[in-house]
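Every number here is computed from the coordinates shown, using simple stated rules; none is lab data. Model, not experiment: these values are computed from the prediction. Quick reminder, even Gly has a Cβ in these numbers, built from the backbone with ideal geometry, and neighbours come from all protein chains shown.
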Amino acid sequence: VTAAAFWAEALRSWAIPDEILAAAPESPWGFPVSVFVDMARETVSGPWTPTVRRAAEALPERGTVLDVGSGAGTASLPLAAHAGRIIAVDEDPGMLSALTSLAAGQPGSVVPETIAGRWPDVADRVERVDVAVCANVAYNVPDLAPFASALTSVARTRVVLELTAVHPLASLSPLWERFWGLTRPDRPVVEDALAVIRETTGATVGVERWERPQHRPGLLGEGVDWTRRRLCLPERAEPEVAEALRQLPEQAGRAMVTLWWEPT
Ligand SMILES: C[S@@+](CC[C@H](N)C(=O)[O-])C[C@H]1O[C@@H](n2cnc3c(N)ncnc32)[C@H](O)[C@@H]1O
């Protein structure tokens, strides 16, 4: 099998079984905008992440940055005082409004241009850019080859892809076991994404591993509600979910990987 087919199949194995989904009182999908706003705010005011550094390295004076699956702009807003243009693409318009407001509160920032839609479907609405960044989206994309190849064709100097070393929901696997007796998969991992990128682009890919400090150790507070919905459980399960979260091993940070390559 190709690396692309393996990636798609491995992601499919994360599907929630129909009978559990049918029991879910609310949708287990979607991302809480507030979590991504907090994260973007922190990276804008704090030290640059390796992803931002790799993007900045390849960005010409007043160059254009494209941020795909931008969320509230964690990967691109730190560059807002250096870039000539920032183009943010996200399928969630709520994330794009959050990004626009954050940029508006940032002195010296360019006004980001936003495109609501799915990558690569909206790729033809984007002119060529200097640097394309895409952070924490890959595990949502079963069809990673056309996704990565559209990023590669749109960028002049560099593509930067950030992802977690393992599936972003892997930390909840012990809870799936506990509440539903369901064993979650252990693939795909970052090496599987790397294989797809090499296979698709033929590029030499740079790899930097780093750690993102955990923002909400133990995922308490609003994390309980989010986790409970993710697990397809009713509201009354919240005390038990909180307890299960407390019993998870403490994690100092989250293992992250930044990949980058030059389009050829
Ligand atoms: C986990 S968030 C990451 C946000 C931000 N890049 C960050 O690192 O904080 C994933 C974002 O990608 C968006 N997204 C997922 N798949 C997408 C696609 N194919 N095209 C555009 N946006 C997508 C979601 O709406 C969400 O805002």
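Numbers for the structure displayed
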| read-out | value |
| --- | --- |
| Hydrodynamic radius of the chain per Kirkwood, over alpha carbon pairs, in Å | 19.2 |
| Angle in degrees between helix 33-45 and the longest Cα principal axis of the chain, rounded to the nearest 10 | 50 |
| Cα→Cβ-extended label distance, 7 Å offset, between ARG254 and ALA165, nm | 1.4 |
| Computed helical MRE - 222 nm, the chain, DSSP H runs ≥ 4 contributing -39500 (n - 2.57), nearest 500 | -11000 deg cm²/dmol |
| In degrees, nearest ten, helix 190-201 long axis to first principal axis of the chain (Cα) | 40 |
| Size of charge dipole - the chain - debye, nearest 20, with Cβ of Lys, Arg +1 and Asp, Glu -1, no other charges | 440 |
| Over segment 109-212 - Rg/Rh using Cα atoms and the Kirkwood inverse-distance radius | 1.03 |
| Inter-probe distance in nm under a simple model that places probes 7 Å from Cα toward Cβ, at GLU191 and GLU26 | 3.8 |
| Principal-axis tilt of helix 144-154 within the chain, Cα atoms, nearest 10 degrees | 20 |
| Hull volume in cubic angstrom per residue (convex hull over the Cα atoms of segment 1-158) | 124 |
| Residue exposure sequence - SER27, SER76 - by fewest surrounding Cβ within 10 Å | SER27, SER76 |
